[in-house]
Amino acid sequence: MSNRYAVILAAGQGTRMKSKLYKVLHPVCGKPMVQHVIDQVKSLDINDIVTIVGHGAEKVKAQLGDTSQYALQEAQLGTAHAVQQAKDILADNDGVTLVVCGDTPLVKGETMEALFRHHEETGAKATILTALADDPTGYGRIVRGEDGDVEKIVEHKDATEAERKITEINTGTYCFDNKALFAALENVSNDNVQGEYYLPDVVEILKKQGDRVSAYVTESFEETMGVNDRVALAEAERIMRKRINEMHMRNGVSLIDPSNTYIGSDVTIGSDTVIYPGTTIDGSTSIGPDCIIGPNSEISNCEIGNNTVIRQSAAFDSKIGSGVNIGPFAHIRPQSDIHDEVKIGNFVEIKKAVFGKGSKASHLSYIGDAEVGTDVNIGCGSITVNYDGQNKHLTKIEDDVFIGCNSNLVAPVTIGKGAYVAAGSTITEDVPGEGLAIARARQVNKEEYAQKLNRKK
Ligand code: UD1
Ligand code: MG
């Protein structure tokens, strides 16, 4: 196998997106398009990956980090000019260079590998990944010569009526003999409708000097679609979503309605977990086996154990253990750490709180900035009063505590192990372990008061 390199084109503004966000950073199933591309390229054995950045260069670099080297394309003069920016890093090397556009998020690593193989087998100087499109509008068209090889690629805008009828399109993914590529790039001109230096023009240059240019036709046009506007973005999202959902179903996850289930690219889910409709799961979320999630739930960046149930609820940036029961209508806010067998019931909001094993907040509570021990029962309507208008304070509820309904725990405050708080209390001082705190006015009963009132009438 020869040395392999990859160049990813990601410098364009993406005018057709009509967006403040640079095109290649638009997410598809929660992950920026260019990250999808890099992740697939990374799955191959590549010596150097160079990403061409320009518009939003700093943001693209921040997204991709050190998985790639970078070359800056200061003015976006076209895709050939973009590749040329990698000259200092790559031009002197022997080997094969894969060029991929940052706006084709669906191209799979295995297709790139097949393209490399095909290229190496045929000994062509360039191999184009092509596809047959039902509607080729907007794509470069593959013009085949009499020998059946690729003669040239014509951009849609430059194509004649006859050429526009060609349905074989340039997917924007190519393999080149590295040295032949950089030599040919020197000869690309911008004499075309858009006044740009087109990378596909390299084909004609190679052909004219007698080199062989081959095409590798992929079965799936869907996989190669380029995203230039929001309509295509939504289409890419649909295709990617289907791909992700099918992968989970094949792994043993039940999706009751896959067309109405939204799972991010990096989410992992264990087998026999059932996901009900209207559920979005994204970021780095991992869910163990045998869970029930949804319907209508939103889960982002959570680590969830097994046998846990989350119904009609939202959970963000938190850890949720095994055998936990959440919802309906609960809100788990960031930095919560919910241990095994905890119950968080309806209309309960949890923020930055640890819940020890077996503890419960079953109804209508706010528990924020709190450390709750094991087997604690927090009665309906209880609140940790964590904010004094300036600062947030911690509430500690030790193991086996019972908090009566409708209590306010004014932080900072500690409720000692095994203590009781009487219903309706506003607790402002620590409660000793095993003690009972009652912090409310004593009840006064006025006998026959109703008669007195009636007399007045
Ligand atoms: C390009 C191809 C077209 C192909 C299609 C596949 C050219 C001239 N045309 O068209 O044949 O069918 O992709 O999707 O290559 N970019 C830069 N610097 C530039 C210009 C573009 O980095 O100066 C990057 C863009 O960020 C983008 C990629 O190159 O990621 C492709 O550019 P785009 O403008 O989308 O080209 P298309 O018109 O889609
Ligand atoms: Mg494009």
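The values are calculated or read from the model by the stated rules, or taken from the named source; none is laboratory data. Since the structure is predicted, the reported quantities are computational estimates derived from the model, not experimental observations. Here the Cβ positions follow ideal geometry from the backbone for every residue, glycine too, while neighbour counts run over all protein chains shown. Note: areas computed on protein heavy atoms with side chains; ligands, DNA, RNA excluded. Shrake-Rupley method; radii C 1.70, N 1.55, O 1.52, S 1.80 Å.
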#### Entry: the chain: relative contact order in percent, alpha carbon pairs under 8 Å with at least 6 residues between
8 percent
### Message
Distance between the C-alpha centers of region 224-271 and region 293-350? Whole Å please.
### Response
23 Å
### Query
Using the reciprocal of the averaged 1/r over all distinct C-alpha pairs, how large is the Kirkwood radius of region 4-224 in Å?
17.3 Å
#### Entry: Partner lysines for Lys352 [C-alpha distance under 25 Å; skip if fewer than 8 residues away on the same chain]
Lys319, Lys343, Lys360, Lys392, Lys396, Lys417
### Task
Find the relative contact order for region 252-335 and round it to a whole percent, using C-alpha pairs within less than 8 Å whose residues are 6+ positions apart.
20 percent
### Message
In Å², and per residue, what accessible area does the chain have when probed at 1.4 Å with the other protein chains present?
### Response
47 Å²
#### Entry: Computed over the chain, the ratio Rg/Rh where both radii use C-alpha atoms and Rh is Kirkwood
1.19
## Note on the structure
With x for Gly and Pro, the residue-by-residue ³J(HN,Hα) of region 411-419, computed from phi through the Karplus equation 6.51 cos²θ - 1.76 cosθ + 1.60 at θ = phi - 60° and given in whole Hz, is 7, x, 7, 10, 9, x, 3, x, 7
### Query
Using modelled amide H (1.01 Å from N, peptide plane; none on Pro or chain starts), what sits under 5 Å from the amide H of Ser362, excluding residues fewer than 5 places away?
Gly345, Ile378
### Task
For Glu151, enumerate residues with amide H under 5 Å from its amide H, sequence gap 5+ or separate chain, H modeled in the peptide plane.
Val143, Arg144, Gly145
### Message
Per-residue counts of other Cβ atoms within 10 Å, averaged by peptide: what ranking do you get for 286-296, 122-132, highest first?
### Response
122-132, 286-296
### Query
By per-residue mean of other Cβ atoms within 10 Å, what is the highest-first order of 70-76, 19-25?
19-25, 70-76
### Task
Work through the residues other than Phe402 whose Cβ is under 12 Å from its Cβ and net out their charges, Lys, Arg +1 and Asp, Glu -1.
-3
### Message
Can you return the lysines within cross-link range of Lys208? Criterion is Cα-Cα under 29 Å, with same-chain partners fewer than 8 residues away left out.
### Response
Lys87, Lys125, Lys152, Lys157, Lys165, Lys179
### Task
Read phi for every residue in region 198-210 and hand back ³J(HN,Hα) as whole Hz from Karplus 6.51 cos²θ - 1.76 cosθ + 1.60, θ = phi - 60°, with x for Gly and Pro.
8, 4, x, 5, 4, 4, 5, 4, 4, 4, 5, 8, x
### Message
Using the Kirkwood radius over C-alpha pairs as Rh, can you work out the diffusion coefficient of region 153-239 via Stokes-Einstein at 25 °C, viscosity 0.890 mPa s, in µm² per second?
### Response
164 µm²/s
### Message
For a quick check: with amide H placed at 1.01 Å from N, whose amide H comes under 5 Å from Val96's, ignoring anything fewer than 5 positions away on the same chain?
### Response
Asn3, Arg4, Tyr5, Asn178
## Note on the structure
The lysines whose Cα lies under 24 Å from the Cα of Lys452, excluding any fewer than 8 residues away in the same chain, are none
### Message
Can you give me the angle between helix 109-122 and the longest principal axis of the chain, using Cα atoms only, in degrees from 0 to 90, rounded to the nearest 10?
### Response
20 degrees
### Summary
With x for Gly and Pro, the residue-by-residue ³J(HN,Hα) of region 172-186, computed from phi through the Karplus equation 6.51 cos²θ - 1.76 cosθ + 1.60 at θ = phi - 60° and given in whole Hz, is x, 10, 9, 10, 10, 5, 4, 5, 4, 4, 5, 5, 5, 4, 4
### Task
Specify the inter-centroid distance of region 407-430 and region 105-182, based on alpha-carbon positions, in whole Å.
71 Å
